[in-house]
1. Fewest to most neighbouring Cβ within 10 Å: what's the order for 10, 59?
2. If each residue of separation counts as 0.36 nm, what is the full-extension length gain between residue 90 and residue 54 once their alpha-carbon separation is subtracted?
3. Among 35, 1, what is the fewest-to-most ranking by other Cβ atoms within 10 Å?
4. With equal scatterers on the alpha carbons only and no solvent term, can you work out the Debye log10 of I(q)/I(0) for region 85-142 at 0.18, 0.23, 0.27, 0.30 1/Å?
5. Just to be sure I understand, if you calculate Cα extents along the principal axes in Å for this structure, which of (i) 49, 30, 24; (ii) 44, 35, 25; (iii) 53, 31, 27 do you get?
6. If the chain between residue 45 and residue 139 were fully stretched, how many nm would it gain, using 0.36 nm times the residue separation less the Cα-Cα distance?
7. Per residue of the chain, what 222 nm ellipticity follows from adding -39500 (n - 2.57) for every DSSP H run with n ≥ 4, rounded to the nearest 500?
8. Can you give me the relative contact order of region 98-142 as a percent, contacts being Cα pairs under 8 Å and 6 or more apart?
């Protein structure tokens, strides 16, 4: 569906926050920053934005937060699909760069395999230092 959405959408863009930004800001603020970046990259610029969740980032257009919007608003569902597929593809590529972590399988979620790989192989530059299991490893608490 992601490819079809991208082909047929009037506009779409990805926004991201880097690991260092997530660690510095926190996951919520970094998500809002990524949304700002995605909206800023849209051509044509939007007249109004619908945001999945209970708060909106500061945007150059009016916006409305929609709780569980990915289940009820087609445009939010489409954006969620593009974001998820893009993230999954990125993790498949990172799996080749960081073999042994199983990133292509668990997509970075804290599965048992991921936590075991972290303990066995250590922390990489792509791991968030603020994530509790990573922080504990770095502090030698394992």
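FYI, it's all coordinate maths here, none of it is from the lab. Source: prediction; values computed, not measured. Positions of Cβ are generated from backbone atoms using ideal geometry, with glycine treated the same way; all protein chains shown enter the neighbour counts.
1. Going from least to most buried by this count: 10, 59.
2. 10.3 nm is the gain from fully extending residue 90 to residue 54.
3. Lowest count first: 1, 35.
4. -0.56, -0.89, -1.17, -1.34
5. Checked against the structure: label (i).
6. 29.4 nm
7. The helix-only estimate for the chain comes to -16000 deg cm²/dmol at 222 nm.
8. RCO, region 98-142: 30 percent.
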